[in-house]
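**Q** Structure below; questions to follow.
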């Protein structure tokens, strides 16, 4: 894990070559000395051969801890593509659990180098951090028990007990736009599953792809209606690190073109969900 002080010190050191295979199939790339700009985040990470990536540990298809203790899912594969392009091997990645409420803080205080965690890009968050991407476009949806036919969309939420997560955009949307719903907040979406199962809440709301993962694992649940927001997923990083953000954007576009992005999807979320449209990265300027 690198603080700004460590990165500045390492930036003065030439990038060491890391023996590896080509990156076309997601394997670690060869990194030549001086390949990255001196003093850049890319040079510091490549030189050390390690990166700390924040992701979710409880979301099937995108970020879920496997029996061997390592996370798996589409977000995890996107993180691996970034690490591989820096010449960082699998054992050089430190995976850190991030939940909706701590993602900005973890970027700001240097707990992680990047966050890839079903992380919606929005203006409020861009006041604290920057985003590369998006690398996927999701949408907010609703999940109920499979035998519930009363809730078909957000207009049916008045008087209903709605479970979501503190610090999430879905929770903020319900609070702002559906004030007659009874919003109940937890630390993670898995905390909503048992309350839904036993009738303590009527519905769980978050992004459609997250809910699809829970439904795929448990047929007691169903996703109802259509997505009713747009949720572009981005990679969170330090707010003023424009060079790193633009480098990740360039890498994402390469991965869209050469098949790495689609391969990552097909191996994870694509086992349940249809093939997504290729997003367009946002090359905004930090104000």
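The values are calculated or read from the model by the stated rules, or taken from the named source; none is laboratory data. Just so you know, these numbers come straight off a predicted model, no measurement behind them. So basically every Cβ, Gly included, is an ideal-geometry build from the backbone, and we count neighbours across all protein chains shown.
**Q** With (1) under 26 Å from residue 114 (Cα atoms); (2) part of a helix (DSSP H, G or I) as the list, and residue 176 as the residue in question, which single condition is left unmet?
**A** Of the numbered conditions (1) under 26 Å from residue 114 (Cα atoms); (2) part of a helix (DSSP H, G or I), the odd one out for residue 176 is (1).
**Q** Next up: Got a sec? Which of 190, 205 is within 18 Å of residue 224 (Cβ to Cβ) and touching a residue at least 60 places away in the same chain (Cβ under 8 Å)?
**A** Working: 190 fails: within 18 Å of residue 224 (Cβ to Cβ).
It is 205.
**Q** Test residue 132 against the stated conditions and say whether it is under 14 Å from the mean Cα position of the chain (by Cα) and farther than 30 Å from residue 198 by Cβ.
**A** Details: under 14 Å from the mean Cα position of the chain (by Cα): yes; farther than 30 Å from residue 198 by Cβ: yes.
Yes, satisfied.
**Q** Let me confirm something: among 231, 253, which residue is under 24 Å from residue 131 (Cα atoms), over 16 Å from the mean Cα position of the chain (by Cα) and touching a residue at least 24 places away in the same chain (Cβ under 8 Å)? Walk me through how you get there before you give the answer.
**A** Numbers: 231 fails: over 16 Å from the mean Cα position of the chain (by Cα).
Answer to the selection: 253.
**Q** Follow-up. Test residue 197 against the criterion of being surrounded by fewer than 16 Cβ atoms within 10 Å (Cβ to Cβ) and touching a helix residue (DSSP H, G or I) at 6+ places or on another chain (Cβ under 6 Å), and give yes or no. Walk me through how you get there before you give the answer.
**A** Numbers: surrounded by fewer than 16 Cβ atoms within 10 Å (Cβ to Cβ): yes; touching a helix residue (DSSP H, G or I) at 6+ places or on another chain (Cβ under 6 Å): no.
Answer is no for this residue.
**Q** In this structure, is residue 186 in the same structural domain as residue 251 (by TED's automatic domain parsing), surrounded by 17 or more Cβ atoms within 10 Å (Cβ to Cβ), under 30 Å from residue 82 (Cβ atoms) and in contact with a strand residue (DSSP E or B) (Cβ under 7 Å, 6 or more places away or on another chain)?
**A** Working: in the same structural domain as residue 251 (by TED's automatic domain parsing): no; surrounded by 17 or more Cβ atoms within 10 Å (Cβ to Cβ): yes; under 30 Å from residue 82 (Cβ atoms): yes; in contact with a strand residue (DSSP E or B) (Cβ under 7 Å, 6 or more places away or on another chain): yes.
When the stated conditions are applied, residue 186 does not pass them.
For (1) closer than 21 Å to residue 54 by Cβ; (2) in contact with a helix residue (DSSP H, G or I) (Cβ under 8 Å, 6 or more places away or on another chain), each residue gets a yes or a no:
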{"site": "213", "(1), (2)": "yes, yes"}
{"site": "217", "(1), (2)": "no, no"}
{"site": "226", "(1), (2)": "no, no"}
{"site": "230", "(1), (2)": "no, no"}
{"site": "240", "(1), (2)": "yes, no"}
{"site": "258", "(1), (2)": "no, no"}
{"site": "264", "(1), (2)": "yes, yes"}
{"site": "269", "(1), (2)": "yes, yes"}
{"site": "280", "(1), (2)": "no, no"}
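**Q** Among (1) over 28 Å from residue 251 (Cα atoms); (2) surrounded by 21 or more Cβ atoms within 10 Å (Cβ to Cβ); (3) without any contact (Cβ under 8 Å) to a residue 60 or more places away in the chain, which single condition is residue 142 missing?
**A** Here residue 142 meets the rest and fails (3).
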